[in-house]
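The block underneath contains the structure these notes are about, expressed in structure tokens.
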Amino acid sequence: MTQSDSRRRILLTGSAGRIGTAYRIHAADAYSFRLVDLRPTADAGEHECHVADLADLETTRALCEGIDTVVHMAADPRTWADFYDDLLGPNFKATYNIFRAAKDAGCRRVVFASSVNAVFGYPADRQVRTYDAPMPGNVYGASKAFGESLGAYFGLREGLSTLCIRIGAVGDLSHIVGDTPVDVRSIFVTLRDLCHLLDRCIETPDIDYMIVHGVSNNQHSWLDLNDTRSRLGYNPVDDAFNPERSAS
């Protein structure tokens, strides 16, 4: 970033992952990114890149310096992952480190990638609201519930604006694998809708703490979108039940 560059500085963790890649391409001209992942981030262009382990607090502190907003996508996403061998470092230690380091560095906001897995313990016939407490369906979901709780603490007690996105099933329907407790179409989100939601999470002012739901404009939605639409101006265009009718 040059001295004349007035764009927000965004720390994007998990920048080599599927969502991180889609978002840094989508917003490449809107923000000045500091990209970080456990593996190199390809085709980063002008943006700053790091290979780093966020389970180390001092490393995370250095990455948060000079940042406006942290978009924390980094995690082990496997719903069957083992707590000690797989999740403890990237999903628990790294998540705490991000919040602690962002607050101490004076960052304005953290956008945390939670997951629909944080609420998969609810019945399939009960629509989940943003104000419903986490009820994880697996230990991975419990790691995301942990992040939502940290976000509430830092947002409401330490003054670090935090939005937690319960991200649904991402991609196109052909990419969704494995069993879910609900019709996968009712928790589906396209990458373009998710990128739009991330834009709104970064730019919407005057939020201390908020859970938002990351699903598309599906005809039937297991995750209620009313709060997310009204407070963020989120306007998803795709519908997993009627893909031919989705906006082009």
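The values are calculated or read from the model by the stated rules, or taken from the named source; none is laboratory data. Being a predicted model, the structure only gives us computed values, none of them experimental. Methodologically, a virtual Cβ is constructed for each residue, glycine included, from the backbone with ideal geometry; neighbour enumeration extends over all protein chains shown.
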Subject >> Enumeration of residues in segment 115-149 that are of a type outside the set (S, T, N, Q), in contact with a Leu (Cβ under 9 Å, 6 or more places away or on another chain) and farther than 18 Å from LEU225 by Cβ >> reply: VAL139, TYR140, ALA142
**OP:** Give GLY147, GLY121, GLY151, GLY66 a once-over and let me know the one that is free of Cβ contacts under 8 Å to residues at least 24 places away in the same chain and of a type outside the set (D, E, K, R).
**Re:** GLY121
Subject >> Qualifying positions in segment 208-225 - surrounded by fewer than 17 Cβ atoms within 10 Å (Cβ to Cβ) and in contact (Cβ under 8 Å) with a residue 60 or more places away in the chain >> reply: ASP224
**OP:** Scan ASP206, ASP193 and give me the residue that is closer than 26 Å to THR95 by Cβ, at pLDDT 95 or above and under 17 Å from the mean Cα position of the chain (by Cα).
**Re:** ASP193
**OP:** Go over the candidates PHE112, PHE83 one by one and state the one that is under 18 Å from ARG18 (Cβ atoms), of a type in the set (A, V, I, L, M, F, W, C) and out of contact with any Leu (no Cβ under 6 Å at 6 or more places or on another chain).
**Re:** PHE112
Original post:
With (1) over 22 Å from ALA102 (Cα atoms); (2) in contact with an Asp or Glu (Cβ under 9 Å, 6 or more places away or on another chain) as the list, and MET135 as the residue in question, which single condition is left unmet?
Top reply: (2)
